[in-house]
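The values are calculated or read from the model by the stated rules, or taken from the named source; none is laboratory data. Quick caveat: nothing in here was measured; it's all calculated off a predicted structure. For neighbour counting, all protein chains shown are included, and Cβ atoms are generated from backbone atoms with ideal geometry for every residue, glycine included.
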Amino acid sequence: MGQLVIVAELIHRFREKGMKTVFFAPEQTPAVLEESIQLADAVTGTAEETIEALRTSGTSAVLFADKGRVDSGEFFRVQEETGPEPVTAVLVDLTGSAVDEDFPFGPLETVWQLDAELAARQLYPAVSPLYSTSSILEEMNMDERHFQLRLKVQKVMRRYRELRAMVQVRGEESVPEAEKEIYRRGEHLEAYFTQPFYTAEEFTEMAGVSVPLTKVLTDVEAILNGQTDRKSTEDLKFTGALS
């Protein structure tokens, strides 16, 4: 279910930016997927239909496809026959089979790994900040501030998750005094990374929010520097940007 919510939100945001979306639907479309894929500009059922839809959509098109289309080779055929320009693609695993494979989709520029624990605690989007990766991020001209903040966040979140595992068994009082600060700030980062989705407004009764990267960096820096230490974790959930 977490994938479908993210897919629906991505389609919405791509369309808001004037981009065309094409969903290469699986052979057997699960009922839970139907509502999400109908948000796309075009829904296709064969490689031929997908190629035609991408050609008519122009260079701003984004292709969504399920792992089944990768396994069958149809996805790669679409890539080869749409012309010299690379196709931006978002691949999902609707059957859950990818968890048993090291590289279920082949080489990818970006991988968002969903975190079952975050989902169980209703912290959405349940994307792991530790195990999600992007070669695009590595290649972009990231300034030194952004680079250092990224390293600090990963360090804090990794130790926080280790401490959290202990807390779940022995309680928060088991956190050593010297590490209570890192535990609290990791908890605050985790809460801040939740996001109200536009496509979920009807269900959450919260307005969707977009936060510019520059503001995200400023907010993350504030959390790491302790400027939110007096706030409760609940105050940081699903707020978008810090006030």
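Contact annotation: residue pairs with Cβ atoms under 6 Å, 6 or more positions apart or on different chains, pairing a residue in the stretch 47-70 that is under 15 Å from residue 85 (Cα atoms) with a partner that is of a type in the set (Asp, Glu), are 51/81; 59/85. Within the stretch 212-230, the only residue that satisfies the criterion of being buried (at least 16 other Cβ atoms within 10 Å of the Cβ) and part of a loop (DSSP other than H, G, I, E, B) is 228.
Hey, does the stretch 160-173 have a residue that's of a type in the set (Gly, Ala, Ser), touching a Ser or Thr at 6+ places or on another chain (Cβ under 8 Å) and either under 24 Å from residue 131 (Cα atoms) or surrounded by 12 or more Cβ atoms within 10 Å (Cβ to Cβ) (or both)? Quick ask: steps written out before the conclusion?
From the stretch 160-173, those of a type in the set (Gly, Ala, Ser) are 165, 171; that's our starting set.
In the following step, the residues that additionally are touching a Ser or Thr at 6+ places or on another chain (Cβ under 8 Å) were identified as none.
Within the stretch 160-173 (the criterion being of a type in the set (Gly, Ala, Ser), touching a Ser or Thr at 6+ places or on another chain (Cβ under 8 Å) and either under 24 Å from residue 131 (Cα atoms) or surrounded by 12 or more Cβ atoms within 10 Å (Cβ to Cβ) (or both)), the answer is no, since none of the residues qualifies.
Filtering the stretch 4-52 to residues that are out of contact with any helix residue (DSSP H, G or I) (no Cβ under 9 Å at 6 or more places or on another chain) and within 16 Å of residue 112 (Cβ to Cβ) leaves 6, 10, 14. Here 202, 190, 173, 179 are screened, and the one residue that is under 19 Å from the mean Cα position of the chain (by Cα) and part of a helix (DSSP H, G or I) is 190.
Would you pick out the residues in the stretch 142-151 that are surrounded by fewer than 15 Cβ atoms within 10 Å (Cβ to Cβ) and either of a type in the set (S, T, N, Q) or under 23 Å from the mean Cα position of the chain (by Cα) (or both)?
Those that are surrounded by fewer than 15 Cβ atoms within 10 Å (Cβ to Cβ) and either of a type in the set (S, T, N, Q) or under 23 Å from the mean Cα position of the chain (by Cα) (or both): 142, 143, 145, 147, 148, 151.
Filter the stretch 23-48 down to the residues that are buried (at least 18 other Cβ atoms within 10 Å of the Cβ) and of a type outside the set (A, V, I, L, M, F, W, C) and list them by number. Residues satisfying the conditions are 26, 36, 44.
Tell me, please, whether a residue that is closer than 30 Å to residue 16 by Cβ and modelled with pLDDT of 95 or more can be found in the stretch 196-209.
No, every residue in the stretch 196-209 fails to be closer than 30 Å to residue 16 by Cβ and modelled with pLDDT of 95 or more.
Do the conditions hold for residue 70, that is, is it in the same structural domain as residue 206 (by TED's automatic domain parsing), at pLDDT 85 or above and β-branched (Val, Ile, Thr)? Judged against the criteria, residue 70 is not a match. For residue 77, the conditions (1) buried (at least 19 other Cβ atoms within 10 Å of the Cβ); (2) in contact with a helix residue (DSSP H, G or I) (Cβ under 8 Å, 6 or more places away or on another chain); (3) at pLDDT 90 or above all hold with the exception of (1).
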